[in-house]
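Reviewing the structure listed below.
The values are calculated or read from the model by the stated rules, or taken from the named source; none is laboratory data. Remember, predicted model here, so these are calculated numbers, not experimental data. Cβ: placed from backbone, ideal geometry, glycine included. Neighbour counts: every protein chain shown. Please note that ligands, DNA and RNA were not included when accessible areas were found on the heavy atoms of the full protein model with its side chains. Shrake-Rupley method; radii C 1.70, N 1.55, O 1.52, S 1.80 Å.
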Amino acid sequence: MICASTGNTSASAAAYAARAGLTCAVLVPNGKIALGKLAQALVHGARLLQLDGSFDDCLRVARDLADTFPVTLVNSVNPFRLEGQKTAAFEIVEDLGSAPDVHCLPVGNAGNITAYWRGYVEEDTRDGAGRPRMHGFQAAGAAPIVRGSVVTRPQTIATAIRIGNPASWDFALQARDASGGGIDAVTDRQILSAYRLLAHREGVFVEPSSAASVAGLLQTRAAGLIEAGERVVCTVTGNGLKDPEWAISGAAKPVTIPATVAAAAAALDLQRS
Ligand SMILES: N[C@@H](CCOP(=O)(O)O)C(=O)O
């Protein structure tokens, strides 16, 4: 099997391939993948090729290889991928008892927004679970759907969604329009601020790309498009340990002290009661 990836798809593909005893080839943009994600693909034994180009170049090459050689492409252009991914919406409905009012999520290759919407529609058709307004968020420097044109050199700290020509572009527009939602851009500054908010206030450590959903939620609420009391689900797509660079660079330097109670108490500003 083969995939193009900004990191997360390759990590999953490599793990499942290992379990199934399959060979997995991974095409990634050279120097643009967070270390934790590369580590996952490598530890599961994937054949890793770094291409001098963007994710979009990787996907183009992977598609051509899958058309020409006996390899299966497992990106979200594979209909079975979307069928599997849509079941995440079933799980949300099962947990909440019905669909949320709003679902916010990051948009890179646009597989997630496509798959979740499909899942909600199916669940609603089957059981009348309701349908959320789908709000997708691209990084401002990698926002082809928001701009309405391909971005040839996408730029953002949110490496997982650094994509200039999403494969499921049309499906994403359908999800937006049919659900009465939106697809908007958030800046890297907003993403980092939501990233810190999630870590500091919620105890949830995500990778920066994932925080695009929460940054977008805050922006959409501030714009008056979400009412107080509405039930909102945010998808956060990756664990923070996969891309820890921003956690470390943004944090205070650790303090080094002698190994004594007095030094520790002083460093922590503790007073005897
Ligand atoms: N962010 C994705 C990009 C590939 O998307 P896919 O949904 O088509 O596999 C990644 O993790 O690689």
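Please give me the summed charge of the neighbours of Ala13: other residues whose Cβ is under 12 Å from its Cβ, Lys and Arg +1, Asp and Glu -1. Can you show the working numbers first?
Details: positive: Arg19, Lys37, Arg47, Arg81; negative: none.
Result for the local shell: +4.
Considering only DSSP beta bridges where both residues belong to the chain, give the percentage that are antiparallel (nearest 5).
5
Find the centroid of the Cα atoms in the range 34-87 and in the range 213-273, then give the distance between the two in whole Å.
The two parts, judged by their Cα centres, are 32 Å apart.
In the range 222-273, which GluC sites (Glu not before Pro) are in a loop and have at most 14 other Cβ atoms within 10 Å, using DSSP for the loop call?
Glu227, Glu230
Using amide H atoms built 1.01 Å from N in the peptide plane, name the residues 5+ places from Cys234, or on other chains, whose amide H lies under 5 Å from its own.
Cys104
Share of the chain's accessible area from carbon and sulfur, percent, 1.4 Å?
In the chain, the share of accessible area belonging to carbon and sulfur is 54 percent.
Across every pair of different alpha-carbon atoms, what Kirkwood hydrodynamic radius in Å does the range 2-68 reach? Kindly include the intermediate steps, with their values, before the conclusion.
On the way: mean 1/r = 0.0872 Å⁻¹.
It works out to 11.5 Å.
Apply the Kirkwood formula to the range 80-249: the hydrodynamic radius equals the inverse of the mean of 1/r over all pairs of different alpha-carbon atoms; give it in Å with one decimal.
Radius from the Kirkwood sum: 15.9 Å.
Before I look further, what does the chain give for accessible area per residue, probe 1.4 Å, in whole square angstrom?
Numbers: 14030 Å² over 273 residues.
Per residue, the chain has 51 Å² of solvent-accessible surface.
So what is the calculated 222 nm ellipticity per residue for the chain, using -39500 (n - 2.57) for each DSSP H run with n of 4 or more, over all residues, to the nearest 500 deg cm²/dmol?
-13000 deg cm²/dmol
Can you run phi through the Karplus equation (6.51, -1.76, 1.60; θ = phi - 60°) for the range 148-156 and list ³J(HN,Hα) in whole Hz, with x for Gly and Pro?
In residue order, the calculated couplings are x, 8, 4, 9, 6, 10, x, 9, 5 Hz.
What dipole magnitude, in Debye to the nearest 20, does the range 80-249 give about its Cα centre under +1 on Lys/Arg Cβ and -1 on Asp/Glu Cβ?
It works out to roughly 540 debye.
Given points 7 Å out from each Cα along the Cα-Cβ axis, report the Val255 to His200 separation in nanometres with one decimal.
1.8
Residues with amide H under 5 Å of Leu73's amide H, sequence separation 5 or more or different chain, H placed in the peptide plane at 1.01 Å from N; which?
Hits under the 5 Å cutoff: Ile2.
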